[in-house]
Each structure stands twice: as structure tokens, then as C-alpha cells.
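Read the structure below first, then the notes.
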Amino acid sequence: MDPYPKPLRDLISQLKRLPGVGEKTATRLALFILADRENLAEGLARSLQNVHENIRLCSVCFNLTDKPRCSICQDPLRDASLICVVEEPSDVLALEAAHTYKGLYHVLHGLISPMGGVGPDDIKLPELLERLKRSHVGEVIVATNPSVEGEGTFHYIEKIIEDNKLEVRVSRIASGIPMGGELKYMDQVTLASALRYRRIVKDR
């Protein structure tokens, strides 16, 4: 017999759908929301409804926004000759937090995955090609994860730019051994990536 009334059980079930939230965490969150005396439940409900109704994809880069174009695409100080291609909107947040990159973005909303039934037309790759054709972009930086899907997507982007004879340089973000890491603790994929994307320190 379930010790919780149905409305509370329904809330727990919904919270369990969030990534990384199991039964215990969902129950703790649900009980906290129920016991809160500062109208957390009402504020949370309003925020969820507001997000659902107003958040959309930027018409240019497909990042999340509440306007036709996101704040990055609207910023005149960003370098329009650079486009960094990422898998998800969360990747934009991660790169922006580094306060180093000053170009624009293109969010794919997925990666090419033949095994998963995801082809180039299922993500925002056709839109990327059209964007490159009509703008003066000098370099595309592919910042997908160093996975099989990420590498495959990188090579596909490289190929379509070459096939369309676009004067656009394609680069790949470096990946490998993190600062403070030790070789003996690295996995094979990390070591292979570190060797593949090695850089020349001084030409002889």
C-alpha cells in the first residue's frame, strides 16, 4: 500500500523524470515543496509555465531564447567571422562561462548517429550549411564531444564545407589529458585524442 496520497505520488513521479533524480531525491524534493511556507510551489509552477510558453529557438543559431534572436546573435561586439558548432544549448552555457570565446554559435540539437537512426537532416546541419553560404564566416570551430558521434559529425561538417567549395576553415577543439591529470590514469580514448590533437611547440 502506497503511504503517499495520489497528488503527492504524482508529483514524485514527475520529478523522477528529471535527469539524475531517483526515487529518494524525488521524494525529498516533493516533501520540501509541500512543506515550504514561502509559496515555492506557486512560484515554481509559474516559472515552468512561463518557460513552456515563452522559450523558443533562436532563428539564427538555434540556441534557447525568449525573443526571435538570442542575445549572443544580437550582440554587435561578437565576432561574426567565427561560428562555434555545439551539440546542445548547455554547451553554449559551458563555453560562455569560460569567458574566452567571442564569436557566434550554431546549436545542432543532436549528433549524427547511424546506429541511433539520426542522420544529418535530423539535426540542424542543413541550416548550418545555408548559414555559411549566406554569411562571411572565416572559421567554423566544431566543439562536439570526443565520442564516435561527435567525431563523425565533425568529419561530416568538414566534408560538406569542402563539397560546397566554401572558403571556410574548419577546426576542432582540442581534447585530451586535463590539467593536473596523470597519463597512467587516463583511458584509451582520452590518450588517443591527446595524441591526435597534439600541437607543435616550435618548428625546426
Tyr105 being assigned to a strand (DSSP E or B) and aromatic (Phe, Trp, Tyr) = yes
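Against the definition (touching a helix residue (DSSP H, G or I) at 6+ places or on another chain (Cβ under 8 Å), among the hydrophobic types (A, V, I, L, M, F, W, C) and closer than 30 Å to Ile141 by Cβ), how does Cys73 come out, yes or no? Can you show your working first?
Numbers: touching a helix residue (DSSP H, G or I) at 6+ places or on another chain (Cβ under 8 Å): no; among the hydrophobic types (A, V, I, L, M, F, W, C): yes; closer than 30 Å to Ile141 by Cβ: yes.
Criteria not met by Cys73.
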Name the one entry in Asp66, Asp79 that is within 30 Å of Val140 (Cα to Cα), touching a helix residue (DSSP H, G or I) at 6+ places or on another chain (Cβ under 7 Å), surrounded by 12 or more Cβ atoms within 10 Å (Cβ to Cβ) and charged (D, E, K, R).
-> Asp66
Residue satisfying condition, being in the same structural domain as Val107 (by TED's automatic domain parsing), touching a Lys or Arg at 6+ places or on another chain (Cβ under 9 Å) and at pLDDT 95 or above, within set Ile83, Ile72 = Ile83
With the checklist (1) surrounded by 14 or more Cβ atoms within 10 Å (Cβ to Cβ); (2) modelled with pLDDT under 95; (3) among the β-branched types (Val, Ile, Thr) in hand, flag the one item Val107 doesn't pass.
-> (2)
Looking at the stretch 53-60, is at least one residue surrounded by 12 or more Cβ atoms within 10 Å (Cβ to Cβ), touching a strand residue (DSSP E or B) at 6+ places or on another chain (Cβ under 7 Å) and not hydrophobic (A, V, I, L, M, F, W, C)?
-> yes
Name the pairs: first residue in the stretch 44-59 and closer than 21 Å to Ala30 by Cα, second residue of a type in the set (A, V, I, L, M), Cβ to Cβ under 8 Å, at least 6 apart or on different chains?
-> Leu44/Ile33
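The values are calculated or read from the model by the stated rules, or taken from the named source; none is laboratory data. As the structure is a prediction and not an experimental result, all values here were calculated from the model. Note: ideal-geometry Cβ built from the backbone for every residue, glycine included; neighbour counts use all protein chains shown.
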